[in-house]
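*Asks:* What follows is a single structure, and I will ask about it in a moment.
The values are calculated or read from the model by the stated rules, or taken from the named source; none is laboratory data. On a predicted model such as this, the values are computed, not experimentally measured, just so you know. Cβ placement follows ideal geometry from the backbone for every residue including glycine, while neighbour counts extend to all protein chains displayed.
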Amino acid sequence: MKSWMGAAVLLGLWAVQAQNAPVAPFPKNYTKGLVLYGMGDRSDGKSRDFYASSAAIDAARRGQELPVGSMLVLETFRAKEAQGGGFLKDSKGFLVRDRPEHELHVMLKVAPESALSKAWVFGAYDPSTGQPQAGTNPLSDCLFCHTEALGTDMLFSFKELKAFAQSGQLQRIDCPLPERQPCPPPRTE
């Protein structure tokens with residue numbers, strides 16, 4: 001119920017501020033300037049890399065909220081298709097990447113007075129050109145979805161970011177769902 005109420009409030013704010021909403025900038029040299037903390041596969045054959053700024057990793061290591069200036073980036077790739085259907089997997093069971101999907105999603109933490117919620121702004125780009133991704137609205141597509149992660153500073157992969165920050169080990173973020181649906185928590189038996 002709380003997430004629906006929060007979403008309704010954010011949707012109302014979106015309607016009021018949509019004309020002048022800030023957008024996260026394209027992160028030039030993100031593969032060198034940010035840290036790869038996770039990789040994830042989805043059932044639809046998309047494989048993703050998760051990057052974070054050093055400030056975000058340092059805060060996660062200390063158990064603190066991510067500071068203003070934290071940047072998180074998600075880059076998407078397409079897996080190779082297997083003969084007879086499905087997708088090729090390597091010896092560890094991970095998708096074998098074929099090509100970039102030209103999807104780069106960006107979250108940037110800004111001062112609270114310049115954003116709609118939890119002080120995050122979003123952007124979606126083609127990583128090869130730096131141009132905004134056609135058909136994606138950072139406010140209605142990204143912000144609305146990330147309200148489901150209000151409890152973890154609007155970050156779906158906060159647990160993996162924290163685990164990486166503490167261990168230095170690249171995290172695997174695998175999801176049985178397609179597209180951008182929030183992944184269910186891992187099953188523990």
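*Asks:* Which residue out of Gly85, Gly45, Gly69 is within 21 Å of Arg172 (Cα to Cα) and among the small types (Gly, Ala, Ser)?
*Replies:* Working: Gly85 fails: within 21 Å of Arg172 (Cα to Cα); Gly69 fails: within 21 Å of Arg172 (Cα to Cα).
Being within 21 Å of Arg172 (Cα to Cα) and among the small types (Gly, Ala, Ser) holds for just one of Gly85, Gly45, Gly69, which is Gly45.
*Asks:* Right, here's the next one. Please specify each residue of the stretch 90-99 satisfying the condition of being in contact (Cβ under 8 Å) with a residue 12 or more places away in the chain and not in a strand (DSSP E or B). Lay out the reasoning, then the answer.
*Replies:* In the first step, residues of the stretch 90-99 are kept if they are in contact (Cβ under 8 Å) with a residue 12 or more places away in the chain; the result is 94-99.
Phe94, Val96 - these are the residues of the stretch 90-99 that are in contact (Cβ under 8 Å) with a residue 12 or more places away in the chain and not in a strand (DSSP E or B).
*Asks:* Within the stretch 126-143, identify whether any single residue is at pLDDT 75 or above, among the charged types (D, E, K, R) and on the phi > 0 side of the Ramachandran plot, and answer yes or no.
*Replies:* no
*Asks:* Glu160 - would you say it is in a helix (DSSP H, G or I), crowded, with 19+ Cβ neighbours inside 10 Å, at pLDDT 70 or above and not hydrophobic (A, V, I, L, M, F, W, C)?
*Replies:* On the way: in a helix (DSSP H, G or I): yes; crowded, with 19+ Cβ neighbours inside 10 Å: yes; at pLDDT 70 or above: yes; not hydrophobic (A, V, I, L, M, F, W, C): yes.
Here the answer is yes, as Glu160 does meet what is asked.
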